[in-house]
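Okay, structure first, notes after.
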Amino acid sequence: ALSGHKNWTEQWPEVEPKAEYDVIIVGAGGHGLGAAHYLAKEHGITNIAVIDKGWLGGGNTGRNTTIIRSNYLYDESARLYDHAVDLWQDLSQDLNYNVMYSNRGVLMLAHNVHDVQSFKRHVHANRLNGVDNRWLTKEECKDYCPPLSISPDARYPVLGGALQKRAGTARHDAVAWGYARSAAARGVDIIQNCAVTAIRRHPDGSVAGVETAKGFIKAKKVAVSAAGHTSVVMQTADVRLPLESYPLQALVSEPVKPVFPCVVMSNAVHAYISQSDKGELVIGSGTDQYTSYSQRGGLPLIEHTVAAICEIFPMFNRMRMLRKWGGIVDVTPDRSAIISKTPVEGLYVNCGWGTGGFKATPGAAHTFAWTIAKNAPHPINAPFTLERFRTGRLIDEAAAAAVAH
Ligand code: FAD
Ligand code: PYC
């Protein structure tokens, strides 16, 4: 039926790289494309190339399970993630592209006394920061999410939960496509299938440009948003980053009619679940235990995750799983991101999002664009510097991360 559809407008043109740009962004995920959009729209910088070794959105942006929330413990994180949640509200209008943001609520289950105390602490801290989050009894959890078992005999009994109602999901591909189309319409070149093999520096140490599969490209500024491969790219500029890269997997079931109204996460058991608009149950858990760039991950973790989902939601016992995949996530020692200038003049980095950077996409891209344009931190990303690993001013979100990493 589609064969009759001809002469569709391209969403972004395929272009060959120019010899020189004001800004080169390495990585055409949501964060890199978003930064290009905000640089062009809010800072008037349009002589930009976003370069990706594969297809745009084919990294973690197109592989994640799309959970969006801002119920983080520390003030710095709450500000950053809530800035993103604010931007999510109007992103479809801003891009004139339906990113299908759905604030269906994220419910985090408490299975033991530690969970109860920790989530209540989050609820109080979040309220102080103006982030919506409230405590639900187990009966209220069941009302909010009927497939949930709250039987006291369950292997993972539910003692209650923390609900962020403004949280939810969005369509991951649409986020990449929407930012790409908007950036390209403003003059940004998007160059796919062109690996950046090295960052080059002038004799005075400042950034000179990038070596790529299509040759050397000069740039006044280079900004790296390469997720799990950031440390590899940055190493070529002699910048060593405190990152470890791990596979993170997810899987989906066969599609079924709407049955699951929200997002549920269980940190103690390491499993989370939502239902996509296509009807698939979207399921995931923590990272694999070993560092790797394999983009696959091991089966034992998937088995554990699915077993946990069946315990918590017995009605899914006979669902068939359709496919699984993995992405490579970049994890910092304090489990918080880095959005920062670097010791190299003209070189910027946005990385360390680990298992949780999709939700931050608009906020990270927005503040990263500011930092690139003004060569200075935005008030919101100022605490997320590289220097914090030297000074010790860490933002220790390890316990707040929804999935283990
Ligand atoms: P990416 O989308 O990975 O973009 C980086 C790009 O850099 C890639 O396209 C890659 O090809 C390119 N690149 C790398 N090296 C080079 C090079 N040398 N030259 C040129 N290009 C290069 N986060 C949430 O908030 N909620 C979730 O529910 C969630 N679930 C997840 C589930 C899974 C299975 C995975 C893997 C991740 C999940 N995340 C989640 C994390 C989230 O996906 C990432 O933190 C986020 O998408 C990172 O976006 P990005 O644009 O920085 O990276
Ligand atoms: O950060 O909320 C999150 C998340 C959920 C699944 C993977 N990451």
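Here are the numbers for this structure:
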item: Degrees between helix 30-43 axis and first principal axis of the chain (Cα, 0 to 90, nearest 10); result: 60
item: In nm, spacing of pseudo-spin labels at K278 and Q235 (7 Å Cα→C-beta vector); result: 3.5
item: Rounded tilt (10° steps) of 172-185 against the dominant C-alpha axis of the chain; result: 20
item: Net charge of Cβ neighbours under 12 Å - reference E387; Lys, Arg +1; Asp, Glu -1; result: +4
item: Relative contact order %, the chain, counting alpha carbon pairs below 8 Å whose residues are six or more apart; result: 22
item: N193-D90 FRET efficiency (beta carbon distance; Förster radius 30 Å; 0.05 resolution); result: 0.40
item: Reach of K257 by Cα under 29 Å, taken over lysines that are not fewer than 8 positions away in the same chain; result: K138, K142, K165, K278, K324, K359
item: Fluctuation leader among R323, R104, R186 - the chain, Gaussian network, Cα springs under 10 angstrom; result: R323
item: For peptides 33-45, 283-295, sequence by mean Cβ density within 10 Å, most packed first; result: 33-45, 283-295
item: Net charge, E140 excluded, C-beta distance under 15 Å - Lys, Arg +1, Asp, Glu -1; result: +3
item: Environment charge of V331, counting only residues whose C-beta is closer than 12 Å and scoring Lys/Arg +1, Asp/Glu -1; result: -4
item: Residue-span extension gain [N98 to L128] - 0.36 nm each, minus C-alpha spacing; result: 7.6 nm
item: The chain - Kirkwood radius from inverse mean 1/r over Cα pairs (Å); result: 21.6
item: At R0 = 35 Å, FRET efficiency that the Cβ-Cβ distance of D143 and Q295 yields, to 0.05; result: 0.35
item: Tail fraction, Cα-Cα pairs, segment 1-128, threshold 26 Å, whole percent; result: 43
item: Angle in degrees between helix 75-89 and the longest Cα principal axis of the chain, rounded to the nearest 10; result: 90
item: Residue-averaged 222 nm ellipticity for the chain, from DSSP H runs of 4+ at -39500 (n - 2.57), nearest 500; result: -8000 deg cm²/dmol
item: Segment 224-271 and segment 1-59: distance between their alpha carbon centers, rounded to Å; result: 22
item: For q = 0.19, 0.20, 0.26 Å⁻¹, Debye-computed log10 I/I(0) when each Cα of segment 162-240 counts as one equal scatterer; result: -0.95, -1.01, -1.29
item: Over segment 306-397, relative contact order from alpha-carbon pairs under 8 Å, at least 6 apart, %; result: 28
item: Mean Cβ neighbour count within 10 Å, used as a protection proxy, ranking 60-73, 131-144, 258-271 highest first; result: 60-73, 258-271, 131-144
item: Relative exposure of F358, F313, F368, judged by other C-beta atoms within 10 Å (fewest first); result: F313, F358, F368
item: Packing rank of 382-389, 157-164, where each peptide gets the mean count of other beta carbons within 10 Å, highest leading; result: 157-164, 382-389
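Readers should treat all values here as calculations from the given coordinates under stated rules, not as data from a laboratory. As the structure is a prediction and not an experimental result, all values here were calculated from the model. Here Cβ is always computed from backbone atoms with ideal geometry, including for glycine, and neighbour counts include all displayed protein chains.
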